[in-house]
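Peer 1: Sharing a structure with you now.
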Amino acid sequence: MLPFPIELTAGAPIYEQIVEAVRRAVASGRLKEGDRFPSVRAISAELRVNPNTVQKAVTELTSLGLLEVHPGQGCYIATRSVSTVRQQREALAPLLERLVIEAAHQAVDEATLLELLRAKCRELKINLDSNS
């Protein structure tokens, strides 16, 4: 059994679905820093997909800074570094800008916007406080 929930669906590439499932598992705390990540072979067998597809997801997760590869030992959930946090903030900045501008156009005040964000976190079972 994989340490992250995933149900493959049609419409999105499989490797992207794997990446998104792992991102959610890390964000929710289901996968924690330093946890051993399953092998490409184990994931491909569990999901019944081509190992190359899983390898593509692992490569993407590594480039996103979510996985660390230790040659001969496997992959692990990455420990956050200052540069990773800075990169995350830079990546989120344009999304936040669009969100705030759209909220202003919709006449949504700051308190309501924050409550909507908290509600979405609860809906997705993501505790942002544990990720700081």
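The rows are residues; the columns are (1) modelled with pLDDT of 95 or more; (2) under 14 Å from the mean Cα position of the chain (by Cα); (3) hydrophobic (A, V, I, L, M, F, W, C).
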residue: Ala45; (1), (2), (3): yes, no, yes
residue: Thr53; (1), (2), (3): yes, no, no
residue: Ser63; (1), (2), (3): no, yes, no
residue: His70; (1), (2), (3): no, no, no
residue: Ser83; (1), (2), (3): no, no, no
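Peer 1: Being closer than 27 Å to Arg118 by Cβ, over 8 Å from the mean Cα position of the chain (by Cα) and either in a helix (DSSP H, G or I) or not assigned by TED's automatic domain parsing to the domain that holds His70 (or both) is the filter here; which residues of segment 17-36 pass it?
Peer 2: Gln17, Ser28
Peer 1: Picking from Ala10, Ala57, Ala27, which residue would you name as being in contact with an Asp or Glu (Cβ under 9 Å, 6 or more places away or on another chain), among the small types (Gly, Ala, Ser) and closer than 29 Å to Lys120 by Cα?
Peer 2: None of the others qualify; the one that does is Ala57.
Peer 1: Quick check, is Cys121 part of a strand (DSSP E or B) and either in contact with a Leu (Cβ under 8 Å, 6 or more places away or on another chain) or free of Cβ contacts under 8 Å to residues at least 40 places away in the same chain (or both)?
Peer 2: Against the criterion (part of a strand (DSSP E or B) and either in contact with a Leu (Cβ under 8 Å, 6 or more places away or on another chain) or free of Cβ contacts under 8 Å to residues at least 40 places away in the same chain (or both)), Cys121 does not qualify.
Peer 1: Shifting gears a bit: If you scan segment 6-16, which residues turn out to be part of a helix (DSSP H, G or I) and surrounded by fewer than 16 Cβ atoms within 10 Å (Cβ to Cβ)?
Peer 2: Of everything in segment 6-16, just one residue is part of a helix (DSSP H, G or I) and surrounded by fewer than 16 Cβ atoms within 10 Å (Cβ to Cβ), namely Glu16.
Peer 1: Next up: Residues in segment 19-42: is at least one free of Cβ contacts under 8 Å to residues at least 24 places away in the same chain, of a type in the set (Val, Ile, Thr), out of contact with any Leu (no Cβ under 7 Å at 6 or more places or on another chain) and loosely packed, with under 13 Cβ neighbours inside 10 Å?
Peer 2: no
Peer 1: If you don't mind, another one. Looking at Thr53 and the list (1) touching a Phe, Trp or Tyr at 6+ places or on another chain (Cβ under 9 Å); (2) polar (S, T, N, Q); (3) surrounded by fewer than 17 Cβ atoms within 10 Å (Cβ to Cβ), which single condition is not satisfied?
Peer 2: (3)
The values are calculated or read from the model by the stated rules, or taken from the named source; none is laboratory data. Computed from a predicted model, the values in this text were never measured in an experiment. FYI the Cβ positions are ideal-geometry reconstructions off the backbone, even for glycines, and counts take in every protein chain you see.
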